[in-house]
Amino acid sequence: MSLLRSTFIGLSRNARLRHFAEQSSLGRRMSSRFVAGFRIEDALVAANQLAAQGLAVTLDSLGENVTTPEQARQSAQVYHWLLDKIDPAQLNANVSLKLTQMGMDLGPDVAGGIVSGLVDHAVQTNSFVRVDMEGTEYTQATIDLVRQLHAKPDNRGHVGVVIQAYLRRSADDIARLLSDRIRIRLCKGAYREPPDLAFPEKKDVDANFVALTKTLLKSGVFHGIATHDPAMIDATKEFARTEHIDPASFEFQMLYGVRRDLQRSLVKEGYKVRIYVPFGDEWYPYFMRRLAERPANVLFLARNFFRK
Ligand code: FDA
């Protein structure tokens, strides 16, 4: 992992900097590059604008690592409101959440109970709950919880998980999840992990991403291939073409504000594309992970700031 990437990931966990940034008007202005706004209404406006360009969305109410059951319940309440609003708005939208935002640090039962209520709600509104993947201290517990929720017959197809190609364990995890026919979002992985757990070299992460994509595409389950990397996208298209896999049987997924040109060109080519739309006050850790992925974004933001 590069020094810059590691530094930004380290800064993403700095509580004092976080407090300062989230309160400052400069910070809030900078965040708008990757965050759709601070309120549910802002996220819905963004979702409608994206829908007009043929893009589906998954809505993420930002927040992670809550420390009380009350905070966890409040976080879940936002998602209940979202699920209520998505349905009548007839948006091609679902929701993405983090287990640590739902109380995972207080115990898997706390998070499990809360997320189970959200999945029930998604079943009633014919929507879908994607459980994002966080650092490796949560990998096993996240997979266990999603499998447990998906095992309830009504929930099938209404809850899915994320797998990170940088983890050495991911091929085994995918095999287990596919035996339950669970929908997976494949991404490279955004946290700082030790080399015994995660491939340190980008070329190995990329090779694993392509190999895992092939497994997912052949599985007959609807999955999300989440990347902005043109090489990964080309490999996905090429594999689908040579294996005669219907492009409607999977979707590409990208982050709000990242490679908007690529998002639009994929739609034009006829691929399904879903945009991950984060919103809310607690944008700092998410924002810093985006800078970590591409430190050139720091220059980009600075240039735009001084231009205004
Ligand atoms: P990579 O980082 O290798 O970059 C390849 C190219 O993509 C770059 O050269 C650049 O052109 C472009 N690019 C990438 N990031 C950019 C940025 N921030 N700004 C501008 N250009 C950029 N991670 C995780 O650990 N758990 C999760 O649950 C999720 N969920 C998730 C959902 C969705 C929809 C996406 C797209 C990504 C995630 N991620 C995630 C993040 C993921 O793990 C990863 O960190 C980023 O997607 C960056 O990796 P890429 O595959 O884009 O390629």
How many lysine pairs in the chain, separated by 8 or more positions in sequence or lying on different chains, have Cα atoms less than 12 Å apart? 4
What distance in nm separates the simple spin-label points at Asn126 and Val210, each placed 7 Å from Cα in the Cβ direction? 4.0 nm
So, with points 7 Å from each Cα along the Cβ direction, the Lys218-Arg181 label distance in nm works out to 2.0 nm
How much length would be gained if the chain were fully extended between Ile40 and His80, taking 0.36 nm per residue of separation minus their Cα-Cα distance, in nm to one decimal? 13.3 nm
Charge dipole of the chain built from unit charges on the beta carbon (Lys, Arg +1; Asp, Glu -1), centred at mean Cα; most positive-end Cα among Ile40, Gln101, Leu291 is Leu291
For the residue pair Glu243 and Thr67, what label-to-label distance in nm results when each label sits 7 Å from Cα along the Cα-to-beta-carbon direction? 4.6 nm
So for R0 = 25 Å, FRET eff. of Ala171-Ala231 from the Cβ-Cβ r, to 0.05, ends up at 0.80
Please report the antiparallel percentage of DSSP beta bridges with both residues in the chain, rounded to the nearest 5. 5 percent
Around Ala165, which amide H atoms from residues at least 5 apart in sequence, or from another chain, sit under 5 Å from its own amide H, with H modelled in the peptide plane? Cys187, Lys188, Gly189
If amide hydrogens are placed 1.01 Å from N in the peptide plane, which non-local residues have theirs closer than 5 Å to the one on Thr58? Asn94, Ile275, Tyr276, Val277
What is the chain's relative contact order, in percent, from Cα pairs under 8 angstrom and six or more apart in sequence? 26 percent
Residue separation times 0.36 nm, minus the C-alpha to C-alpha distance between Glu22 and Val298: what's the value? 97.7 nm
Please list, in order along the stretch 37-53, the HN-Hα scalar couplings obtained from phi with the Karplus expression 6.51 cos²θ - 1.76 cosθ + 1.60 (θ = phi - 60°), rounded to whole Hz, x for Gly and Pro. x, 9, 10, 4, 4, 4, 5, 5, 4, 4, 4, 5, 5, 5, 4, 5, 9
Calculated [θ] (222 nm, deg cm²/dmol) that DSSP helices of n ≥ 4 give over the chain, each run adding -39,500 (n - 2.57): -16000 deg cm²/dmol
For the stretch 36-282, alpha-carbon Rg and Dmax in angstrom: 17.1, 51
So how much accessible area does Glu293 have, in Å² to the nearest 10, using a 1.4 Å probe? 90 Å²
Could you list which residues have their amide H under 5 Å from that of Ala198, counting only those 5 or more apart in sequence or on another chain, with H placed in the peptide plane? Arg168
Once ligands and nucleic acids are excluded and a 1.4 Å probe is used, how much of Thr227 is accessible, expressed in Å² to the nearest 10? 10 Å²
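The values are calculated or read from the model by the stated rules, or taken from the named source; none is laboratory data. Please read all numbers here as calculations on a predicted model, not as lab measurements. For neighbour counting, all protein chains shown are included, and Cβ atoms are generated from backbone atoms with ideal geometry for every residue, glycine included. The accessibility values were calculated without ligands, DNA or RNA, using every heavy atom of the protein model including side chains. Shrake-Rupley method; radii C 1.70, N 1.55, O 1.52, S 1.80 Å.
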